[in-house]
Amino acid sequence: DAKTTQPPSMDCAEGRAANLPCNHSTISGNEYVYWYRQIHSQGPQYIIHGLKNNETNEMASLIITEDRKSSTLILPHATLRDTAVYYCIVRAYSGNTPLVFGKGTRLSVIA
Amino acid sequence: NAGVTQTPKFRVLKTGQSMTLLCAQDMNHEYMYWYRQDPGMGLRLIHYSVGEGTTAKGEVPDGYNVSRLKKQNFLLGLESAAPSQTSVYFCASSGRDRLSYNEQFFGPGTRLTVL
């Protein structure tokens, strides 16, 4: 079973920041937080990952709370093309631990 | 780079028929995966491979077999298709080194309908 909890859906106005929350209260010390997204019926796409520090790349920022029990993915300036299902996944960084996908959050960016 | 490709894109089978789905990657990745996605659900891992000649079961392996005879290819077989196997099948790959391990690259998917 997925070890994360996400809201089933969210709306965001185009051009505004989209903040997607994720709860992972049972996360272990060796588990990272990963975010993927799936646009329409395409294959999922990697966005970002982190352990305990905040991370930023060209797509998004990841904010992880100090106790690591929750995190927020931030899309700074959402566009219509960011409409997708966003998956938050916790995964151990050891060996070949598979990704376990939950149902994710369906983000709708509205013009 | 083509990335991860899947063949075929669509297929309709009758119950009891067999078929093989082909996944190919040109990134020299060690790890390859097969997932299925049912409507409104997240992806579930069927089988995976950590290298040529090795395979392992995932979350939902029953009714499927896999083979990894070449590093770049990962085949998923359905010996006797059932309507419950109607789904979209995604293949993915990732590397073993620290840089490429974190990102799985997914193919475009194969839509399979079993009547």
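The values are calculated or read from the model by the stated rules, or taken from the named source; none is laboratory data. Treat the numbers as computed from the prediction; the structure is a model and nothing was measured. No Cβ is skipped: glycine too gets one built from the backbone with ideal geometry, and neighbour counts run over all protein chains shown. Heads up: the accessible areas ignore ligands, DNA and RNA and are worked out on the full protein's heavy atoms, side chains in. Shrake-Rupley method; radii C 1.70, N 1.55, O 1.52, S 1.80 Å.
So how exposed is B:S80, as accessible area in Å² (1.4 Å probe, rounded to 10)? The accessible area of B:S80 comes to roughly 80 Å². Each label was represented as a point 7 Å from its Cα along the Cα-to-Cβ direction; for A:E58 and B:T15 these points are 5.0 nm apart.
DSSP assigns beta bridges within chain A; of those with both partners inside it, close to 85 percent run antiparallel. Residue ranking by accessible heavy-atom surface, 1.4 Å probe, largest first, among A:H24, A:H40 comes out as A:H40, A:H24. Relative to one another, the C-alpha centroids of the range A:1-75 and the range B:2-60 are positioned 25 Å apart.
Using DSSP to call loops (not H, G, I, E or B), can you name the trypsin sites (Lys or Arg not before Pro) in the range B:30-115 whose Cβ has at most 11 other Cβ atoms within 10 angstrom?
B:K70
With the charge dipole of chain A set up from +1 on Lys and Arg Cβ and -1 on Asp and Glu Cβ about the Cα centre, the Cα lying farthest toward the positive end among the listed residues A:G43, A:L107, A:T79 is that of A:G43. Of the residues B:E79, B:E30, A:E58, ranked by 1.4 Å probe accessible area with the largest first, the sequence reads A:E58, B:E79, B:E30. Checked against a 31 Å cut-off, the cross-linked pairs A:K103/B:K9; A:K103/B:K14; A:K52/A:K103; A:K3/B:K14; A:K69/B:K9 give Cα-Cα distances beyond that limit for A:K3/B:K14; A:K69/B:K9. The HN-Hα couplings worked out from phi for the range A:40-48 by the Karplus form 6.51 cos²θ - 1.76 cosθ + 1.60 (θ = phi - 60°) are 6, 10, 7, x, x, 10, 5, 10, 6 Hz, whole numbers, x standing for Gly and Pro. Between A:L80 and A:I110, the modelled labels are 1.6 nm apart [label points 7 Å from Cα along Cα→Cβ].
Nearest 500 deg cm²/dmol is fine: what mean residue ellipticity at 222 nm does chain B get from its DSSP H runs of n ≥ 4 alone, each adding -39,500 (n - 2.57), divided by its residue count?
-500 deg cm²/dmol
Placing +1 on the Cβ of each Lys and Arg and -1 on the Cβ of each Asp and Glu in chain B, which of B:L21, B:P61, B:V50 has its Cα farthest towards the positive end of the resulting dipole? Positive-end residue among those listed: B:L21.
Charge dipole (Cα centre; +1 on Lys/Arg Cβ, -1 on Asp/Glu Cβ; no other charges) of the protein assembly as shown amounts to roughly 400 debye. The trypsin sites (Lys or Arg not before Pro) found in the range A:24-92 that occupy coil by DSSP, while having at most 15 further C-beta atoms within 10 Å, are A:K52, A:K69.
In whole percent, and with a 1.4 Å probe on the protein chains, what portion of the accessible area of chain A is carbon and sulfur? The value for chain A is 49 percent carbon and sulfur by accessible area. The figure for A:K103 is an accessible area of roughly 140 square angstrom, using a 1.4 Å probe on the protein chains alone. By the Cβ distance rule (another cysteine Cβ under 4.7 Å), the unpaired cysteines of chain A are A:C12.
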